[in-house]
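The values are calculated or read from the model by the stated rules, or taken from the named source; none is laboratory data. Worth saying up front: this structure is predicted, and the values here are computed from it rather than measured. Cβ: placed from backbone, ideal geometry, glycine included. Neighbour counts: every protein chain shown. Areas reflect the complete protein model, heavy atoms only, side chains present, ligands, DNA and RNA absent. Shrake-Rupley method; radii C 1.70, N 1.55, O 1.52, S 1.80 Å.
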Amino acid sequence: MTIIGLTKRARKLVVAAERLMIHPRTLATTAASPPSFLTTRVLYPHSSSLNLCHSASLNFTTMNTNTTRLDTIFKQKKFLRSKVRKDLRSMDPTLRSQEDDAIQSVILEAPWFKSCKGLCAYISCSALREVDTSKVLSEILKNTDRDDHSQVSKKLYVPRVEDKNSHMRMLNISSMNDLIANTMDILEPAPVDAEGNERQDVLFADEPVDLFLLPGLAFDKSGRRLGRGGGYYDTFLIKYQELAKARNWKRPLFVALSYSLQILDENVIPMTPNDVLVDALVSSSGVIPISSAAQMVSLAAKFSLHRNIQCFVPGRTSREVKLADDIAMWLDWLI
Ligand SMILES: Nc1nc2c(c(=O)[nH]1)N(C=O)[C@@H](CNc1ccc(C(=O)N[C@@H](CCC(=O)O)C(=O)O)cc1)CN2
Ligand SMILES: Nc1ncnc2c1ncn2[C@@H]1O[C@H](COP(=O)(O)OP(=O)(O)OP(=O)(O)O)[C@@H](O)[C@H]1O
């Protein structure tokens, strides 16, 4: 890739990134047109009768139609969840463990992970057949404990379910001993630590997090994510996006962890306007960047590698090396 070629491509990405910063990444605001399944006749069963309605009953009919449409989407989600759960249950344990290791190695080596200073991650639950996060978490916590600066020390927040109305908090932990099993048998932090101090809630922290590592049942390469149906994550991600916008913080990267069998064809995962798209997927084959923000990160990583090689190419002029340095700095600033 030439430097000139890179700047042109990078410029396009900046425009895309600016658009991304203006619009939060919910399906309602980012999709140029509704996904095909939202416009099919199946989901608009009463659309032909709408024209015949008296205007006074139009609102009621529209509400009814929307409810029917949502009901259908939730039914489709439920059906898909059962299918993926079944596939996960019959996944070969050796393959699962290989994918767990590969996914975690990809994360630990990723520049966006190495450089991140704060993140929200889930505590994987083997009974739910979730991609394992134990190695990633122990790397993060090892670093917090030892204060060994071989990598950036990271502040870790993990989920705690507060009630059944999709209310979840992300609380700071510094050790796996801070966790206890909840009624769903998922490990989560108690609201107060051993000294009786309230744990820090990421929504009240002075510093932003750069990254979310997200669980889910199914994903696709356009960023759709099917959760477990509680609405906890979508509600939280929207709240965090609003907070970041109000504080003028850079929006964190939303990265979902996925076994290969959980990556479905595009347009198969039904979506509602409240569903939040992810920026990237990590599978055992590597990172799949989706949003322009994620593509920019991946581009910067590739360029930084390219630059390191270019600096040592005999015959490279100091002007070219300087230009490469400037672009790398510019990309660092941008992402
Ligand atoms: N590890 C982890 N922690 C998490 C989540 C998650 O998905 N994974 N959450 C993400 O929201 C929140 C908790 N939400 C959850 C929602 C459903 C189930 C669950 O056990 N679902 C069963 C089916 C239950 C049913 O339908 O009756 C399942 O999926 O098999 C667990 C957690 C917060 N913490
Ligand atoms: N038929 C329905 N009508 C209205 N709301 C529903 C219906 N079925 C489920 N919900 C609610 O919609 C919310 C979001 O459900 P959704 O399927 O988007 O969750 P999810 O994306 O799988 O979960 P999460 O965000 O935790 O990963 C939940 O609070 C759920 O209770």
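Below is a table of values for the structure above.
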item: Asp92 paired with Lys114, simple spin-label distance in nm, labels 7 Å along Cα-to-beta-carbon; result: 3.3
item: Kirkwood Rh in Å, taken over region 234-275 so that all alpha-carbon pairs contribute; result: 12.6
item: Cα gyration tensor shape for region 62-131, rounded if a/c is under 1.5, else prolate or oblate; result: oblate
item: Neighbourhood net charge (9 Å Cβ-Cβ; Lys/Arg +1, Asp/Glu -1) for Asp220; result: +1
item: Size descriptor, Kirkwood hydrodynamic radius, that averages inverse alpha-carbon separations across region 106-218, Å; result: 14.7
item: Order by protection proxy (mean Cβ within 10 Å, highest first), peptides 108-119, 242-253; result: 108-119, 242-253
item: Solvent-accessible area per residue, Å², over region 92-131 with all protein chains present [probe radius 1.4 Å]; result: 43
item: Normalised convex hull volume, region 254-301, alpha-carbon set, Å³ per residue; result: 89
item: Two-site FRET efficiency, Lys250 against Asp185, from Cβ-Cβ distance with R₀ of 56 Å, rounded to 0.05; result: 0.95
item: Met184 - accessible surface, heavy atoms, 1.4 Å probe, Å² rounded to 10; result: 100
item: Accessible area of region 229-275 divided out per residue, in Å², using a probe of 1.4 angstrom; result: 44
